[in-house]
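So the structure is just underneath, and the comments pick up after that.
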Amino acid sequence: MEALLQFQLQLNSTLSFSSFLHPHNHRHHFNFKPNKPHSKTCYHPLHSPTVPISTPHTPPSFPHPSFLFPFLRFSSHNKNPNLAKSIHATLLKNHEIHHLTTALISTYINLRLFSYAHRLFLSQSPPNIVSYSALISAFSKSNREKQSLFLFLHMITVSSLRPNHYTYVAVLTACTRILNLQFGLQLHAAVIKTGYLKSVFVSNALMLFYSKCGFYKNAFKVFDEMPERDIASWNTVMSCAVQEFMYDDVFRLFCDMLVIDGLKVDYFTLSTFLTACAASGLLMEGKQVHAHAVKVGLEDELNVGNALIGFYTNFGDIDDVVCLFERMSVRDVITWTEMVRVYMEFGFVDLGLKIFDEMPEKNCVTYNVLLSGLCRNAEGLKAVELFIRMVEEGVELTDFSLSSGINACSLLADYRVSRQMHGFAIKFGFGSNVFVEGALLDMYTRCGRMVDAEKMWEELEEVSSVVWTSMMCGYARNGQPREAFSLFHLGHSEWKLIMDEVALTSMLSLCGTVGYHDMGKQIHCQVLKFGFHSNVQVGNVVVEMYFKCGNVDDAIKMFSGMASTDIVSWNTLISGYLTHRQGDRALEIWLKMQEEGIKPDDITFVLIISAYRQTSLNLVDDCRILFNSMKTVYHIEPTSQHYSSFISVLGHWGLLEEALETINKMSFKPSAFVWRALLDGCRLHKNTMIGKLAAKNILALEPNDPSTYILVSNLHSSSGRWDCSERTRENMREKGFRKHPAQSWIICRKKMHSFYARDRSHQQDKDIYRGLEILILECLKVGYEPETSFVLHEVEEHQKKKFLFNHSSKLAAAYGLLMTKPGKPIRIVKNILLCGDCHTFLKCASFVTKRDIFLRDSSGFHCFSDGQCSCKDQW
């Protein structure tokens with residue numbers, strides 16, 4: 001029979017097939033002899049290798065329709081629609097269609113000829129339950145879910161047929177795909193009423209329906225009531241538990257499945273269990289599952305291999321991930337895409353690109369993973385080039401693709417390219433997409449084009465959480481905190497927008513930057529309210545915010561209460577102590593990290609080395625040992641940042657010659673950061689000889705940086721070389737360089753007030769300047785003497801004093817003293833390093849007013865109290 005079918009396939013013509021069905025028309029086409037030469041009996045093709053041949057005296061007859069069943073199966077199995085259509089045509093011609101209508105419908109469905117199946121179904125009179133079930137199932141799986149539901153209703157109302165378990169499974173599949181909860185609930189009731197809930201297939205379909213709709217408790221209830229379960233039942237309920245973050249239940253269910261029901265795990269079971277292990281941080285349990293997969297022979301299963309890659313990636317074990325990938329005998333596009341994601345996540349951009357180029361097959365997901373990975377690794381140019389390639393190769397673009405492409409433009413901060421990307425988004429219909437709008441706003445703000453961002457904001461038809469967050473972050477990024485806080489209040493109080501972790505971390509960071517402690521506490525409450533307290537990234541920003549606002553106790557309390565921490569958490573804690581000039585406490589944290597086995601990163605060493613600059617005792621020897629152990633013990637190659645920190649420590653403790661020798665022995669060319677650290681030490685110890693050398697090297701590397709001229713001028717001034725200081729300032733003026741404007745701000749009565757030098761823009765400027773004059777007179781009485789060397793303008797001496805008296809930090813302090821109750825501390829933030837004159841003035845002000853003044857500048861906190869400063873005049 002198989003030989004005959006193969007021969008029929010080779011002929012592949014309707015004529016030969018018709019000749020076979022109608023032998024009287026082509027009597028001698030197949031001339032095989034029967035087994036019995038003299039028999040007049042016609043042989044059935046299912047039982048005989050011969051083909052029935054009509055004799056001249058026998059009238060033609062059509063074979064029984066069951067004769068065609070194997071041919072229908074053959075056409076379905078071999079995806080041969082022409083053969084199926086030929087059979088259909090022959091049946092119609094011989095008026096035998098009613099015998100095989102159901103079989104033909106199933107064949108057309110398997111061949112995905114849904115329109116043929118539907119028309120044939122409509123011609124059936126009356127349709128039976130098998131035809132209905134087959135067509136409902138076909139519609140459910142071919143993006144025609146609504147037609148599936150209509151057909152089901154037609155079956156039970158017009159045709160008055162009772163659904164069977166196949167029908168229920170098919171229609172539940174349709175409800176699952178379109179998330180039609182109401183219809184699904186009615187089906188559940190019908191299933192209970194008709195007694196089909198005992199069917200394991202129907203119950204599995206119900207569980208899947210509830211899990212996709214997010215009604216996990218209903219799925220668990222269906223599972224508990226099932227009289228019989230199969231592996232699909234257990235897999236579905238475990239998947240629900242993973243979706244609900246009920247990882248303990250996943251482990252319990254896994255054990256129950258093995259012990260109670262005695263079922264063998266399949267690839268889906270292992271994949272689900274590995275997901276639970278990764279999410280709950282259970283490395284050893286996941287490794288045991290891996291061992292079990294090897295034992296039962298499922299490690300080579302593609303889905304298990306992909307799950308294992310995801311599992312080991314979650315624990316940062318890239319070596320195991322690479323080893324597993326290389327050992328996989330079968331890989332699909334998901335496997336390759338996951339490897340691209342892994343390399344990008346760990347910062348191995350070149351390896352990620354190499355894997356991408358080696359992929360035998362790529363899809364739009366692969367491109368999007370690489371594109372977003374390049375953006376995360378700040379590879380803006382490569383990301384833009386990849387996006388252009390995607391467009392040229394006709395890769396399907398999604399809102400995620402556009403958002404990533406726009407983010408790439410943001411990294412370049414190129415306004416011209418950004419405008420082109422905006423035009424592209426509008427042209428291809430993505431201009432009104434909420435995520436694309438948010439990315440476009442973010443792009444303009446990163447380019448510093450707040451005017452364009454505000455124009456786009458005003459043209460928005462509807463404000464969403466995404467664009468609201470982008471605009472707030474933009475204001476914060478471009479030094480407009482007032483506008484950011486105003487927009488925050490509007491979105492939170494009036495528009496009732498829900499904050500996500502991006503908005504929360506952005507606003508918390510802004511509160512820390514400007515020292516807005518009360519607002520930071522309010523947003524911390526929002527973190528707790530919306531359930532983000534378990535998010536380690538959000539927790540890290542909360543800790544940083546409290547430190548920057550001067551609240552060390554709440555920062556430590558927040559860190560101690562975090563459900564989980566990472567290396568960023570520990571770095572934030574160390575950095576916070578350094579901000580408060582508590583180097584000894586920072587070193588205690590370093591020892592605790594070593595005791596708990598926390599692996600440091602390169603940033604940790606930058607911070608810990610810097611801590612030796614702020615210790616109560618000279619621990620340079622310990623710092624030197626730590627610096628030298630970076631490469632030998634921790635396998636971290638020192639960078640310019642590490643050398644800069646080490647040089648800063650040596651300079652702080654007066655070891656300027658050793659610092660210079662260390663720079664000369666560096667294995668790579670010293671950066672301006674390294675020389676600037678040495679120059680700062682020279683300023684502190686008034687060493688003009690080495691300071692000149694440092695300044696010369698800085699100017700050679702960064703000739704257009706005005707801060708270098710200021711440092712050199714201050715170096716000469718501090719050592720009494722006024723003529724050299726004046727020549728440096730004159731050189732700076734001739735080159736047209738201007739000092740970065742100093743700005744100080746203070747929070748009073750829930751409003752932020754900012755001041756520049758000689759600022760007259762404040763509504764209460766007259767009161768501020770009158771109060772400042774009184775304060776200066778009182779400070780002069782207790783020994784304050786203006787240090788005019790800090791004035792860079794070439795003016796008379798009395799004018800220099802006037803410039804000094806109107807510095808931004810003095811204005812902020814005067815306003816704070818006027819607007820706060822007696823005895824309350826004053827909290828000020830300054831964007832650059834506090835000048836020496838303001839430092840002396842604030843010490844005197846704290847003495848004459850009997851008020852504590854806390855000021856945070858670029859070096860950290862200064863706590864002025866009773867005429868003294870916590871920095872001990874070294875900052």
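The values are calculated or read from the model by the stated rules, or taken from the named source; none is laboratory data. Everything numeric here is computed off the predicted structure, so don't read it as measured data. Every residue, glycine among them, receives a Cβ derived from its backbone with ideal geometry; neighbour counts consider all protein chains shown.
Worth pointing out:
- Residue list for region 617-646, restricted to those being within 11 Å of F605 (Cα to Cα) and assigned to a loop (DSSP other than H, G, I, E, B): Y634, I636, E637, P638, T639
- Of the criteria (1) in contact with a Leu (Cβ under 7 Å, 6 or more places away or on another chain); (2) farther than 22 Å from P741 by Cβ; (3) surrounded by 20 or more Cβ atoms within 10 Å (Cβ to Cβ), which one D857 fails: (2)
- Positions within region 528-554 being among the aliphatic types (A, V, I, L, M), surrounded by fewer than 23 Cβ atoms within 10 Å (Cβ to Cβ), in contact with a helix residue (DSSP H, G or I) (Cβ under 8 Å, 6 or more places away or on another chain) and under 29 Å from A279 (Cα atoms), in sequence order: V536, V538
- Residue match in region 460-471 (condition: surrounded by fewer than 23 Cβ atoms within 10 Å (Cβ to Cβ), within 21 Å of F400 (Cα to Cα), of a type in the set (S, T, Y) and at pLDDT below 90): yes
- R331 vs. criteria buried (at least 17 other Cβ atoms within 10 Å of the Cβ) and in a loop (DSSP other than H, G, I, E, B): yes
- Condition check for E299: surrounded by fewer than 17 Cβ atoms within 10 Å (Cβ to Cβ) and farther than 16 Å from L386 by Cβ: no
- Condition met for L699 (assigned to a helix (DSSP H, G or I), of a type in the set (A, V, I, L, M, F, W, C) and without any contact (Cβ under 8 Å) to a residue 12 or more places away in the chain): yes
- When L804, L842, L817, L833 are checked against the criterion of being within 22 Å of E778 (Cα to Cα), in the same structural domain as D767 (by TED's automatic domain parsing) and in contact (Cβ under 8 Å) with a residue 40 or more places away in the chain, L817 stands alone in meeting it.
- Just one of the listed residues (S629, S616) is outside the structural domain of F854 (by TED's automatic domain parsing), surrounded by fewer than 22 Cβ atoms within 10 Å (Cβ to Cβ), within 25 Å of F861 (Cα to Cα) and not hydrophobic (A, V, I, L, M, F, W, C), namely S616.
- Annotation note: of F183, F251, the sole residue that is over 30 Å from the mean Cα position of the chain (by Cα) and assigned to a helix (DSSP H, G or I) is F183.
- Odd one out for K824, checked against (1) at pLDDT 90 or above; (2) farther than 18 Å from H753 by Cα; (3) part of a loop (DSSP other than H, G, I, E, B): (2)
- Filtering region 424-433 for residues that are touching a residue at least 12 places away in the same chain (Cβ under 8 Å), surrounded by fewer than 22 Cβ atoms within 10 Å (Cβ to Cβ) and not aromatic (F, W, Y) leaves a non-empty set.
- Selection count where residues are among the aromatic types (F, W, Y), under 37 Å from the mean Cα position of the chain (by Cα) and part of a helix (DSSP H, G or I), scope region 647-681: 1
- Checked against (1) under 31 Å from the mean Cα position of the chain (by Cα); (2) under 30 Å from H165 (Cβ atoms), D261 passes all but a single condition, namely (1).
- Residue list for region 459-499, restricted to those being closer than 16 Å to H422 by Cα and of a type outside the set (V, I, T): E459, L460, S470
- Odd one out for E454 among (1) at pLDDT 90 or above; (2) surrounded by fewer than 16 Cβ atoms within 10 Å (Cβ to Cβ); (3) of a type in the set (D, E, K, R): (2)
Residue-by-condition table, conditions (1) farther than 30 Å from S133 by Cα; (2) touching an Asp or Glu at 6+ places or on another chain (Cβ under 9 Å); (3) buried (at least 19 other Cβ atoms within 10 Å of the Cβ):
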{"position": "A189", "(1), (2), (3)": "no, no, no"}
{"position": "I192", "(1), (2), (3)": "no, no, no"}
{"position": "F223", "(1), (2), (3)": "no, no, yes"}
{"position": "W234", "(1), (2), (3)": "no, yes, yes"}
{"position": "Q243", "(1), (2), (3)": "yes, no, no"}
{"position": "F251", "(1), (2), (3)": "yes, yes, no"}
{"position": "F254", "(1), (2), (3)": "yes, no, yes"}
{"position": "M257", "(1), (2), (3)": "yes, no, yes"}
{"position": "K264", "(1), (2), (3)": "yes, no, no"}
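- Any hit, region 484-493, residues being surrounded by fewer than 24 Cβ atoms within 10 Å (Cβ to Cβ) and part of a loop (DSSP other than H, G, I, E, B): no
- Among residues that are closer than 24 Å to V330 by Cβ, among the hydrophobic types (A, V, I, L, M, F, W, C) and not assigned by TED's automatic domain parsing to the domain that holds D320, V417 is not included.
- Of all the residues in region 434-451, those that are of a type in the set (D, E) and surrounded by fewer than 19 Cβ atoms within 10 Å (Cβ to Cβ) number 0.
- Flag for P126 being surrounded by fewer than 16 Cβ atoms within 10 Å (Cβ to Cβ) and farther than 24 Å from L263 by Cβ: yes
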